[in-house]
Each structure stands twice: as structure tokens, then as C-alpha cells.
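Below: the structure, in C-alpha cells.
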Amino acid sequence: MAHTDVAVVGVGYSKHVSKRRDVNIAEMVWEAVSACYEDAGLKPKDVDAICTGNMPAFEGVNIPELWGAGHWGAYGKPLMRITTGGTTGGSVAHGGYYAVSSGLFDTVLCIAFEKQSDGNSTMGLNTVALADAAAMFQQGVDPGFLAAFGGGAVGIAVYQAASYMKRSGCTTEHLDKVSVLCRTNAALNPYSHLKQPGLTPEEVAKTTLMQYPIRFGHVCPATDGACAMLVTTGEKAKKLIDKPAYILSCASCSEEASLMGIAGSGTTNMDPCVQESCKIAAKWAYDLAGIEDPRHEIDVAEPYSPFAHQLLMFYERLLLCDDGEAPAILDSGSMNLEGDLPVCPSGGVISTNAIGASAMERVSEVALQIMGKAGDRQVKKEVHKGVAHGWGGAVNLNVVAVLSDTPRRS
Amino acid sequence: MGSGIDIGQVPKVSIPINPTFGWSVGNWMEYFFDGIKEGKLRASKCPACGRVFLPPRMVCERCFAKCEDWVKLPETGTVQSFTTAHVKVGADGELEDLSQPEIIVLVKQDGADTCVAARLEGESASVGMKVKAVLDPSAENFLDMLAGYRPAE
Amino acid sequence: MEYKKETRAVEGDWPMAYWQWKFESIALIAKTREAFKEKKLLGLKCPGCGLVYFPPKPYCYCLARPDKWVEVEQTGTITTYTFTGAWAYEGISEEEQAGGAPMIICGINFDGSDTLTVCLLDDAKPEEVYVGMRVKLKWPEVIEGRVDDIAHSEPLKE
Amino acid sequence: MDKGVAIIAYAQTPFEADANASREIQVLEVAKTALEAAGLKQEDRYTVISATNDYCDGRTISNMRLVEPAAAYKKNESKVEMDGGYAAIYGLMRILSGDHQVALVMGVSQASVYARNIPGIMMLDPTFDRQRWLLNEVSAGALQARAYMNAYGATEEHFAGVAAKNLDNAARNPLAYNKLAGADAAKVLAARKLYEPITELMLAPFCDGACAMVLASGEAAAKADKPVWVKGMGFAHDSYLTERPLEEMGSLELAARSAYDMAGITDPASQIDLAEVHENFAHEELMAYESLGFCGKGQGGSFFDSGATLLGGDLPVNASGGATGANAVCATGLARIIEAAMQIRGKAGEHQVEGVNTAVATGQTGPCAQENVVFVLGGE
């Protein structure tokens, strides 16, 4: 069977801030799209298909492409909308990968975005669980009690964090350090939202506790922003730019929802820190990419971590070390920009979270690192291969993409 | 393999919460609404192909050019299509009968290349009919400042 | 055109109050709630893979539909947990400590079931809780047949 | 297409006003039936693509709770938020990439639990049209119908005739929801007036239902009984409804062109034996005749008058009753593909058309058929 190599040839971002009130959704996304075209040196006429997504409950617009995609050069082109919650951006990038690798399209524009300030972001997240909440009330559950069960404002992440810490030996000091790693990296990234150069763990430890063990300093902000990425065939990529970033493989894996709601939770996902689906997706992606030893072959990682503990947890679940080893690796300094396996050089989701865009920004950051275009946050070591991850749903969906400076097939 | 337990009628639940939104209109639509406040109909124009957008768009979907040119359009336009509405969508999403039918028109303002959907003040409509915009700069809701159209004499 | 940093906003909503959801599990849990009155926990067993769902669930990942009621033990194991109230965290300020009554929330895998139920853990200190800790259900004085009837648990002294 | 992908199994629920099952159970039923028909088990390797809409389902991340019922537990799963036809496209892409051999695709929606016309209004430009509350899917459809009538001389009688044909065809389809044996144009015209020229019997009423389909690579389809081959496909985006000539279906035309190119179809009217068209309103079917190249521009009405698209005609369209017969948003377009595949296999029962070897099916998303997807299917 014939296969086609897929490469990233351009990346574009809009500004990432908490409130963009000077533009509407379509206009904000245009900023990323137009920056992306410029980056790749392409025009809309060069694009064969478009793949888009966001998490629509945040904006209250159903399939916003219908009204907005004209602003992104979609007129008359095949357009596919993919939405999978927190993993949306990653799923959109996967869609772009398959669109090209199928041989059906040469050049595909991937777009992911969120304009949270148009809606009420807490309410946006609540709509994940309102159906289950309604069912619980019907069973005679007190709303306040349900809120506590759901983990309050920080949701299921607190259970996950507590459980992860217990299993791995990760301490609250480690969480503080993760925030420092990310927010100081973010300070070097012009497209990040929360930039905190010179942040110290002590400062993080002084932020207000939301619910044990999560403090405000451990949690992502709500961001307005968009990301666009142009992918094309390996052949075209070589003609366009010197150093394309090849997407070697994409894989996702779903488990049962573990929202601890009315429908209960099933088997492997009983403990939300286990995340077996992340391990499975990573294994599938590494296998397809021909990676046998990810710990040594991967040069940079962008795990999806809106909460501090997740950077460490997903580092482990991406098979970059054994379970429970990540806190010590963080302490060793290996995750820093100049380390052996830098993690979240972009600043990660904990610094910038335009929900729908976040998982694509993991892919685009790895691509930029491979292309050597990451600017001040370019990692010290030479980057040949990197892994980009996305996480979402009711802690039950994981997406993984592996990128490289050399193609998979030719 | 079992086919589950017979539970009779499947229960339904609901929750009385309506998430709210506030969509910033962006500078192009802002300039449009500011214009109506002064009694002007402002449309954006594509510098590449000359397409004129009313309501204004920031980007021309055909050329991907930023529409930084503006034109002031006359109040007159032509009906492109229309429908006599016997119903409207109620808050619950069902089609409710109207006591009085109303006419919804799709109007291309003279000089514009795109259309506005609005109410027609009048008894009947036809495609090609000339109409005049009814502006209400003092409308409480800025979306109602372009109140509708009426037949042009 | 003078570029503005803040433009008008159109207000609107999602009239979700007119939305509904269908849940087979409500009917299943109603049966479980009835059994609470006899101080029994009823789970639903899947004929395909044998998993026991408590609370009961109308479908299974193996594509069979759980269809057999089985009694689940009232003892179990903590699989995950967290605390509410800032008091639980060392080195916090006094204001944070004033954050209200402490609660330990844990996910319990009741013996004889394969799933997780969320309960409060009473009579224990946060530092005493661990994944793998044995606990038992603590019934209220008056059982009303509500989901809340199984809201509390306590450490199991074996 | 040089690399073959085949439809090897499918399943549909009955379409109903208010199904006595949650969407999860409906999805479980079709996923399980389709997998079994394909000879597959949950533990086998396949990828899953669902088509659902967060606003219809009243759930953010509407696929999240579908993991187990959709047979997606520990599978490589994704979701398109468009018509189910797009799930088929994505499944097809995944197989053609060589990374996957088998794809289970599905679509589901339950109109009994959402405020029917609100999701359509939430699709409109939020900076202008949406809160003006004049446009909705039905009023926009009426504006398109009028623009089409005005441009090409089609009449309300044509629309009524198409609707009557579909309602009558639906009466032969045991899964259809909206059926009326012996319906005629007069009855359709006399029905409740909504937005003129659209009457209540001219629209595809929202209902509950789910469908699923299994796609397989040529290799994986080798053992399948009567595989139906995907000969071509296309999809396209058109402008927002106030920015395009409503009398045309631009995106359907583009999608059809690319599907026909792939399938080597140069004269659709003679090469295609049957069509299943996703028509949200009767007039859209007439417009589709033109965009699909069954007749010349503006001749949709006279093509219908010729009788070609009737059940006994030369090119039957919507033998199943089409979307008029059942419209569970996100399932509708996929159901068209499944119905077309059933016809090619000769398994359509009472609405079976004789001698179908090449068929075309369409799906759509958005007001005034803004996004369209086209599949060309063929037998051995």
C-alpha cells in the first residue's frame, strides 16, 4: 500500500491573553491562520483541505466554521470539523495527518482555537457534567454535596493529583517546581499567556489553596487564542523549507469516562492517575514511528498539563520513564531547556490554555523545536524527535503524536 | 449476551440552567454599528477583488485580503429572496404560530455584494423589489438599529 | 476607523433548561436505592465479561448489557482520594485554615464490585488516608432510600 | 480511487419521535450489530469515528460518554462534529493512510431531548444574525427555496411532489419515522404553513436515531460478503448563507465533482443507478439533482416531472424516503450512505430498486446546505 509522509511546514499563533474583546471569534482565528500562511510562505490557494476544531460550549456557537471559516480561507474547500474536548487540538492535528497520509490531499491547514472570554468558562466546563448532575439531583443528591464530590472548581484533577502524589512520591514542592519550570519557559515564548520570569517555588507555594493539593499557582489560566498549522506531503515539504518537521505517527486511545457521576466508572480508569490509555496511545504511536526506546530517542516532550502534577504524571505515561520516576527527574534538572529531555519548553498548558487550541499547540511546539524555530525557548540539545500529547474528556481521552526531523517512509 | 434489564420507560431529566455568552463583535462590526448610530450604512470592501460586505467582514473569503477599505452605502437595496413567516422559533425551540404573518427579506443593499436578513414593513414582497432600510439609531438593543426595510416608493 | 480595544458584545444564551437527557441508569439506581432500606448494596453484573458495576450501569465496554443483580459487600478499598478545606495542607495561613469543616472524599471499590463509588471518609485524619486503605460503609440513622444514604464511610478495623 | 476501501457492514436503529432508549443505548445497539455483521469483536483492532453534536446532545464533549457504547473502549477514537457522512470520510482517510485496516463510523442524535430549532440558530453569525432571531434553519431554507424558484422557475407544486414521493417511499421503509403512504402534492401543499413556500410536510423532521457502518481496507474486506466499494468521495465548504447565491448548492457541486473525478464518472445521469440525497427540505432535492449532474442547471423541476426519480424511474432518488423520512441530525447523511449500500447489496427490502450497481449518497451540515459530502459507491 502506498503511503505518504506528512510534514509540518508552517505554524501560526494569535495573541494569547485572557480577554480579546477587540476581535470576534473568526477574526481572532484569522490572526493565527494568516501568521501560519506567512510562516510557510503559502497562500490559501495552495491549501487542499482544512481541518478545524474547538470546544464549542465555551463560545456558545454551534459549528462556528459555518459563519467564520471564510475568514480562514476555507471558501470552496473541503472542511472537516473535529472536536474531542481537551484533546481537540491534538485530534485536529491528527485529522490533518490522516488527510495528507491518506493521499487524498497534499496540503492541509489545521486550525484550533478557543475564545473563552465570549462565554463563562466555568459554565463551559460544567456543561460537561450537567447531564449527570441533573440525574444525581433526581436521585436526591444535594447540589453542594455533588459539587464537593466533583472536586469543586478544579474538578477531578484534585483526585488525580492526590492519587498520583501518593503513588509516585511526588510532593507539593514538586508541584511548585513544575509551575516554575513552565511559567519561566513561558516567559521566553511570545505566544504564551502567563509569563512569570524569575518565579520561585516559594512564591507558588504561597498562592491560595483551591483544594488539596492544588493551589492557584498550579493551575492553567483561561485563555483566548488560536493556533494554525500547515501540513503537507514530505515531497512538497522538502521543496518548501529546509527543515520540515515530519509527523511520524498519531494515535489516540479512549477509556471509559470516570467522572464519578451517575454512571459510575468502570475498570482500568478507576483511579484517574493511572491513565492507561495514555500508555497505550504512546505505545501505538511509538510503534508506528519505529521508536523502540522512547527514553533515549525522544529529545523533547510536550505533555498536556493544565495542572502541575500532570506534567510529571504524563511524562511517565508517555513511557519516558518508569511510573513514579518523574519527580526525581524533575529534580535532576533534565526537564529544563538545557536538560537531557526538555519538557514543555513552550511553557505548557499550565501557562496558556485556549482549551481547543492547547493540544495542537503541543504539536506545533514540538514542530518548531525540530525546525529550530522556537526562538528564545529553543532547547539546547539538538532535536531529532519529539512527542506531543493531549488529554481530555472525563479524564478518559489521550492523543499522542510523534514528530521527527527525518521522514518515516522515504 | 443479555440485552439489559427491562426498565419500562427510560427516565428523562433536565436542569434549569442557561449558560450565558457575550460575543465581542470585533472592530469591523463595531464600526458598522457606530455608523448606524450616525445614520450611515458602512460596508467593508475587499482591496483585491472589490467585493463589498454588508454586514462588514474583516477578511474577504475569496481573496483572503484584509478589507480595510470602507464604503458608505445608500439606504436603498433590492430584495433577493423573501418568505412569509407564519411561525417563529419559540424559546423552547419549537415553531409557534404567529398571530399575524410577517415577511422576512434577504436584501442586497445597493453597492453591496452580500445580503442582510431583516423584516419587511409591508403587505407583500417580490424578488427584485426595491426597498429602503429603516434605521433606528436610538434602539435599545444595538442589533435592532437596522430595524428592517420598507418598500421604496 | 479608530481601532478599539473593547468592542460591543452581543448577549445571548444556551437555553439548556429546554434540554433533557435520557438515563437508563436512573431506573437502575432507583432499584439500588430501594435496597438501601434493607441495608443492601445491589450491583449489576455483566453477562459478557463478568464485571460487577456498583453503582449499576446500563452498558459495558464489552458491548453486552449488565443484567443480573448481585449483592455487593459493604467493605471496600480506597482507590483514590482528596480533601476539601484548606486545613489539610501543611504550612498554610490561618485564613486558609478557617476554610470550613474538613472532608475527606475518597473513591471506594466495594468488595465484590469492579467499579468506584465516591464517599466521604469519616473518623480519619487526612494524613492517615492512603490508596489501598480498607474502609466500610457507614449507614445514616434514618435510611431514606436516597443516593446520599451511602455518602459516608469509615476506616475498617480488621 | 486506486486503493480500495469497502463498506462491509452497517446497522441502523428505527428512527422515532422519542425512542425509549438513551443515545448511549442506541449507539451500543448499532455499534454492536455492525461489528457482529462485519465478523468483528470488541477486542479486535479497529478505529472508531463518531459524529455527534455537543449542542444537540446537551453535553460538552458529546463523545466522552460514548466510549463504551460506541465500542471505542481502548480504541483509537475520534469525533467529527458534522453530519455522519463526515465520519465516513474520516474513517476512509484513516484506512487509506495505511495506519488502520478497519473503521467503525457512526452518527447519533435524539431530537426528543433538545430544543429542536435552537442548535440551528446557534450556528448563525453571533455578531449579527443570531440574536436578531429571524433566521433559523427553516426560515433560511424558505429563503433558499424562493431564490431557487425565482431563478429557475421551479414551483411549490414541484416541492410538494418531491415531498410526497419521499413520504410515500418512507412508507415502505420499516425504519423511517415520517411516512405517509399514498401522499400527494395536494396534501403536502395543504399542510401547516411554516415559512412560505415551506409547509410542514416539506421538511425533514428532527427525530431520534443512530446508525453505524464498518469500513475496511481491500485486504480486510477480502473475506466480507458482498462488500460495497467506495469509488469516490468529496466534500466542500460554502460561504455563510447571506454571502452566497442561495439558488445554487455550490459546495454540493464541488463535492460531487471531486467524487465523480475519483470514481471516473463522466455522465452521472447514465452511469448512476440510484441516489440517496440528504435533503432537509423538498427543494434541496431538486437542487441536488442539478448539483449532482442528473440534469442541467435549473432543470430540477422538469427532471422531477419526468418521473425519473420515482421508485420505478430510471434514477430513483431517496427510495428510503430520504431525510424527509427520518432526520436524526448527525446520523442522516450516514444513513443515506448505508441505504445506498443496502440497495447495491440488494438488501433494501420493500424499497429495493432492481439492478443497482452504482449509487451516490450525500450528507450535509449547516443552514441552506452549507457543507456537503458526496460518496459514490459501487458493487463488485
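The values are calculated or read from the model by the stated rules, or taken from the named source; none is laboratory data. This one's a predicted model, so the numbers in the text were calculated from it and none came from an experiment. Neighbour counts are summed over all protein chains in view; Cβ atoms, including those assigned to glycine, are modelled from backbone coordinates with ideal geometry. SASA here: full protein model, heavy atoms, side chains in, ligands and nucleic acids out. Shrake-Rupley method; radii C 1.70, N 1.55, O 1.52, S 1.80 Å.
Structure values in brief
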| item | result |
| --- | --- |
| Rounded, prolate or oblate (a/c below 1.5 giving rounded, otherwise prolate when a/b exceeds b/c) for segment D:115-206 by Cα gyration tensor | oblate |
| Zone of D:W133's modelled label, taken as backbone nitrogen in segment D:189-229 under 20 Å from a point 7 Å along Cα→Cβ | D:194-196 |
| Spin-label model distance (nm) - C:E38 vs B:D110, 7 Å beyond Cα toward Cβ | 8.4 |
| Of all accessible heavy-atom area on the protein assembly as shown, the percent that carbon and sulfur account for (1.4 Å) | 48 |
| Karplus 3J(HN,Hα) series, Hz, for segment A:371-380 with 6.51 cos²θ - 1.76 cosθ + 1.60 (x for Gly, Pro) | 6, x, 10, 8, x, 4, 9, 4, 6, 5 |
| Listed residues B:L73, B:L143, B:L135, most fluctuating in chain B (Gaussian network, C-alpha, under 10 Å) | B:L143 |
| Relative contact order (%) - criterion: Cα under 8 Å, at least six apart; region: chain C | 19 |
| Distance violations [Cα-Cα > 20 Å] among A:K115/A:K385; B:K37/B:K132; A:K166/A:K385; A:K166/A:K283 | A:K115/A:K385; A:K166/A:K385; A:K166/A:K283 |
| Folded to 0 to 90 degrees: helix D:332-345 orientation relative to chain D principal axis, Cα | 70 |
| Highest average packing first - A:198-210, C:67-79, D:118-130, Cβ atoms within 10 Å | D:118-130, C:67-79, A:198-210 |
| Cα lying deepest toward the dipole's positive end in the protein assembly as shown, options C:G12, A:I247, D:G39, charges on Cβ | A:I247 |
| Positive-end residue of D:N166, D:A70, D:A319, charge dipole of chain D with Cβ unit charges | D:A70 |
| Chain pair B, C: total accessible area buried, heavy atoms, 1.4 Å probe, Å² | 3200 |
| Neighbouring partner chain Cβ atoms per residue of A:390-400, average, 10 Å criterion | 3 |
| Cα gyration tensor shape of segment D:154-270, rounded if a/c is under 1.5, else prolate or oblate by comparing a/b with b/c | oblate |
| Electrostatic dipole magnitude of the protein assembly as shown [Cβ: Lys, Arg +1; Asp, Glu -1; Cα centre; debye, to 20] | 840 |
| Ranking by accessible area, most exposed first, for B:F32, B:F142 with a 1.4 Å probe | B:F142, B:F32 |
| Cα gyration tensor shape for segment A:188-332, rounded if a/c is under 1.5, else prolate or oblate | oblate |
| Projected label distance in nm at B:S124 and B:I7, using a 7 Å step from Cα toward the beta-carbon | 5.7 |
| Paramagnetic label zone (point 7 Å from Cα along Cα-to-C-beta, D:E350; backbone N under 13 Å) in segment D:151-180 | D:168-180 |
| Percent RCO, i.e. relative contact order, over chain D, from Cα pairs under 8 Å lying at least 6 residues apart | 25 |
| Inter-site label distance for A:D293 and C:V70 at 7 Å from Cα along Cβ, in nm | 4.5 |
| Dipole of segment B:13-82, positive end: most advanced residue of B:C60, B:G50, B:P19 [Cβ charges, Cα centre] | B:G50 |
| Rounded accessible area of A:E38 (nearest 10 Å², 1.4 Å probe) | 150 |
| GNM result for chain A, Cα springs below 10 Å: residue of A:D331, A:D106, A:D224 fluctuating most strongly | A:D331 |
| When each of D:K41/D:K179; D:K41/D:K226; A:K243/C:K5; A:K77/D:K74; A:K238/A:K381 is checked by Cα-Cα distance, pairs over 28 Å | D:K41/D:K179; A:K243/C:K5; A:K77/D:K74 |
| Segment D:30-125, accessible area per residue, ligands and nucleic acids excluded (1.4 Å, Å²) | 16 |
| Equivalent ellipsoid semi-axes - Cα gyration tensor, segment B:1-121, angstrom | 42, 22, 16 |
| Helix D:282-291 axis, angle to chain D major axis (alpha carbon atoms, nearest 10°) | 70 |
| Accessible area, probe 1.4 Å, largest first, for residues B:D34, B:D6, D:D57 | B:D6, B:D34, D:D57 |
| Nearest-0.05 FRET efficiency for B:N141 and D:D18, computed from C-beta distance (R0 35 Å) | 0.45 |
| Amide H partners (placed H, <5 Å) of A:A394, local residues excluded | A:S258 |
| Gaussian network model of chain C, springs between alpha carbon atoms under 10 Å - residue of C:L28, C:L41, C:L63 with greatest fluctuation | C:L63 |
| Pairwise centroid distance, computed over Cα atoms, of segment A:302-373 with segment B:68-122, Å | 51 |
| For chain A: relative contact order, % (alpha-carbon pairs under 8 angstrom, 6 or more apart) | 25 |
| Accessible-area ranking of D:E196, A:E255, largest first, probe 1.4 Å | D:E196, A:E255 |
| Helix D:137-152 vs. chain D, principal-axis angle (Cα, 0 to 90°, nearest 10) | 60 |
| Probe 1.4 Å - accessible area at D:E248, Å² to nearest ten | 40 |
| Between D and B, accessible area buried - total, square angstrom, nearest 100, 1.4 angstrom probe | 3800 |
